[in-house]
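Encoded as structure tokens, the structure appears first; notes follow it.
The values are calculated or read from the model by the stated rules, or taken from the named source; none is laboratory data. Just so you know, these numbers come straight off a predicted model, no measurement behind them. A quick note on method: Cβ atoms are made from the backbone with ideal geometry, for glycine too, and the neighbour counts reach across all protein chains shown. SASA here: full protein model, heavy atoms, side chains in, ligands and nucleic acids out. Shrake-Rupley method; radii C 1.70, N 1.55, O 1.52, S 1.80 Å.
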Amino acid sequence: MAPLEGREPAILESAVPDKVEVLALVGRALSWDPASADFPPADEALELARVFTAYGRVVANDLSADIAGVPSDSPDGRRAQATLSEAGRRLGLMPLGPTVAPRMAAQRAQNLARLVQALNRAVGQIGEAQVHPSLKSDRHDAGALAARAPSAQRSAIRHSP
């Protein structure tokens, strides 16, 4: 996904709601019960999908830049790259038209809401990996050692101080 070049930060900030606003909207969209026949009007769901798409593109651009600072073989880097790949696919979908059924509009908004959550989680994990690279690798190394150890050794590793 290509970064947004030539955009003024003030213009970008006014076009995309802040994280707190978006997370409140994510909670609202995810509160809709997909098993129910009671969905919000299609135009409301489509507006949320538009907001999630715009916000998701900004976060995906940030994540793309952040991934560059993490070793390509790190588990966090691989997970973030997978999330970024999925974001590229979902954020590139054609917008649904105004005559779409409310259920389909709500499902699109919910899928994008989950994507926004995944993108924010990936940004946090990459940020943590950049701030504390040795802690992440120590935990990863201990987990790998425990996975390879025979069961008696695993028990000793788990219960050692």
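For segment 49-84, which positions are open to solvent by 20 Å² or more (accessible area, probe 1.4 Å) and acidic (Asp, Glu)?
Scanning segment 49-84 gives Asp62, Asp66, Asp73.
Please enumerate the residues belonging to segment 65-120 that are closer than 30 Å to Pro41 by Cβ and among the acidic types (Asp, Glu).
Glu86
Could you please give the count of residues in segment 92-128 that are under 20 Å from Gly77 (Cα atoms) and among the hydrophobic types (A, V, I, L, M, F, W, C)?
Summing the residues that are under 20 Å from Gly77 (Cα atoms) and among the hydrophobic types (A, V, I, L, M, F, W, C) in segment 92-128 gives 7.
Are any residues in segment 82-117 without any contact (Cβ under 8 Å) to a residue 60 or more places away in the chain and of a type outside the set (A, V, I, L, M), and if so, which ones?
Listed by number, the residues that qualify are Thr83, Ser85, Glu86, Arg89, Arg90, Gly92, Pro95, Gly97, Pro98, Thr99, Asn111.
Looking at segment 86-161, what helices (runs of 4 or more DSSP H) fall wholly within it and have at least 3 residues that are modelled with pLDDT of 50 or more, of a type outside the set (Phe, Trp, Tyr) and open to solvent by 30 Å² or more (accessible area, probe 1.4 Å)? Steps first, answer last, please.
Numbers: elements: 102-131, 133-148, 151-159.
Filter on segment 86-161 gives 102-131, 133-148.
Report, ordered by the first and then the second residue, all pairs with beta carbons closer than 8 Å, sequence separation of six or more or different chains, a first member in segment 21-47 that is open to solvent by less than 30 Å² (accessible area, probe 1.4 Å), and a second member that is basic (Lys, Arg).
Correct list of pairs: Ala45/Arg108.
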